[in-house]
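First comes the structure, then the notes that go with it.
The values are calculated or read from the model by the stated rules, or taken from the named source; none is laboratory data. Given the structure is predicted, the values throughout are model-derived calculations rather than measurements. With ideal geometry, Cβ positions are generated from the backbone for all residues, glycine too; neighbour counts draw on all protein chains shown. Side chains are part of the model used for accessible areas, which takes the heavy atoms of the whole protein and leaves out ligands, DNA and RNA. Shrake-Rupley method; radii C 1.70, N 1.55, O 1.52, S 1.80 Å.
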Amino acid sequence: MTLPTARILGIESSCDETAAAVVNDGREIHSNVVASQMELHAQYGGVFPELASREHVKAIYAIVEQALIQSHLNIEDIDAIAVTQGPGLAGSLIVGMNMAKGLALATGKPLLGVNHLEGHIYSAWLYPANASPHQPPRFPLLALLVSGGHSELVLVKDHLVYERLGGTLDDAAGEAFDKVARLLGLPYPGGPSIQKASLNGKATAFVFPRALMEGTWDFSFSGVKTAVLRTVESIQSEAHSLPVEDLAASFQAAVVDVLVEKTLMAADEFQVKEIIVAGGVSANKRLREKMLSESKLPVHIPPLSLCTDNAAMIAGAGYYHYAQGDYSPFDIDVLPTWPLS
Ligand code: KG4
Ligand code: ZN
């Protein structure tokens, strides 16, 4: 693939973050603006879809404007507009999609529909404009994508060439964190709350199951979630107070062990050169440390600001579609359940 010089405006609105960013040549971040609705949804213990889309409607114009201002560019200076086409919440995706179509139509620039999971993978290529670039990931590579909606192992053979090896059969890793946090009375989003509570807890206090799902590259987190529930019920039935920190630390250890072990097994099996860990759960400190210390291969884990949803990763992935001339027609629809391969 010949790689042109291009400034891409990325737009992301698949869940509860309204985001826009400008990225040069798929890697260099010139602006990366994210408006989170987290506080709004926290009172409901999870994302409230209709509220999310309405918040996107209110925020999107100002967020895109900010992304352009912070990159010191006008819309005319942009080469193409990349937007998350799916997967995600339909009503939320539509807001970003319509903004992107409007801008592309008004400026005559290409429209690039990007898969959100592909975006998470491309977060490993990004670096801030004022920093020196790291070595880009080398193919073939294995990506562990762990977010609120997904836990997937993906073999990435080349730019935009994916083979999905497996995924969760029930709860996504982030979803398990969110549900267990709720069980333990910890605030939404559950991942950061469990991580915080774990700091003062003992990871070996409770032994929760580690479902390795041998013979497949799939994950299952419903067993560990149910085991935490049963333990909580049994402690409460004896009228003892919950050892929240120990429960959180033991749960976190069980999930992280499975994620790391399966990833390293798949990396070995498919003889990849490098590993990428991405998605909201890749912000988890224990996961980052364990993956980095146990892998013999180079591991790319984006900085925290690029682990959770953002538009720089959409612009980054969009760049490779632009380079291939893979432009989207103006009648593309959002794809709420779009698989990566
Ligand atoms: O990628 P993301 O921002 O949105 C989706 O595409 O889903 O991921 C959000 C998920 C939530 O489930 C959240 O609890 C989890 O990522 N998360 C974490 C941490 N930070 C965010 N999970 C574990 N540890 C963390 N530090
Ligand atoms: Zn995401």
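Observations on the model:
- Low-density loop cleavage sites - chymotrypsin sites (Phe, Trp or Tyr not before Pro) in the stretch 285-332, where at most 10 other Cβ are within 10 Å (DSSP): Phe330
- When both bridge partners sit in the chain, DSSP labels roughly 60% of those beta bridges antiparallel.
- Toward the positive end of the charge dipole of the stretch 184-341, with +1 on the Cβ of Lys and Arg and -1 on the Cβ of Asp and Glu, the farthest Cα among Gly223, Gly201, Leu186 is that of Gly201.
- Per the Debye formula on identical point scatterers at the alpha carbon atoms of the chain, with no solvent, log10 I(q)/I(0) at q = 0.11, 0.12, 0.15 Å⁻¹ is -0.69, -0.82, -1.22.
- About the centre of its Cα atoms, the stretch 160-294 shows a dipole size close to 380 debye [charges on the beta carbon of Lys, Arg (+1) and Asp, Glu (-1) only; nearest 20 debye].
- Label-to-label distance, nm, for residues given as Glu39 and Leu242 (7 Å Cα→Cβ offset): 2.5
- About its Cα centre, the dipole of the chain is roughly 500 debye, where the only charges are +1 on Lys and Arg Cβ and -1 on Asp and Glu Cβ.
- In the stretch 275-341, the trypsin sites (Lys or Arg not before Pro) that fall in loop regions by DSSP, at most 15 other Cβ within 10 Å: Lys296
- Solvent-free Debye scattering, log10 I(q)/I(0), computed from the Cα coordinates of the stretch 230-341 at q = 0.13, 0.17, 0.24 Å⁻¹: -0.75, -1.01, -1.31
- Each eigenvalue of the Cα gyration tensor of the stretch 73-186, multiplied by 5 and square-rooted, gives one semi-axis; in descending order these are 29, 21, 15 Å.
- Nearest 10 degrees, 0 to 90: helix 222-237 Cα axis against the chain principal axis: 40
- Charge sum, other residues only, whose C-beta stays under 10 Å from Ala249's C-beta, Lys/Arg counted +1 and Asp/Glu -1: 0
- Per atom type, the stretch 37-181 shows carbon and sulfur on 53% of its accessible surface, probed at 1.4 Å.
- Per residue, the chain exposes an accessible area of 42 Å² to a 1.4 Å probe, with every protein chain left in place.
- Our note on the geometry: Cα centres of the stretch 291-330 and the stretch 191-260, 30 Å apart.
- Nearest-0.05 FRET efficiency for Arg182 and Tyr327, computed from C-beta distance (R0 41 Å): 0.45
- Principal axis dimensions, largest first and in whole angstrom, of the stretch 130-272 by Cα: 56, 44, 24
- Summing Cβ point charges (Lys, Arg +1; Asp, Glu -1) relative to the Cα centre of the stretch 81-186 gives a dipole of roughly 320 debye.
- From the alpha carbon centroid of the stretch 75-130 to that of the stretch 268-284 is 24 Å.
- At most 16 other Cβ within 10 Å, DSSP loop - GluC sites (Glu not before Pro), the stretch 182-285: Glu214, Glu238
- Values of log10 I(q)/I(0) for the stretch 1-131 across q = 0.12, 0.17 Å⁻¹ run -0.43, -0.86, by the Debye formula with one identical scatterer at each alpha carbon and no solvent.
- Mean Cα-pair separation over length for the chain, i.e. relative contact order, pairs under 8 Å, 6 or more apart, %: 26
- With 22 Å as the limit, the listed pairs Lys179/Lys285; Lys179/Lys296; Lys225/Lys262 have Lys179/Lys296 beyond it between alpha carbons.
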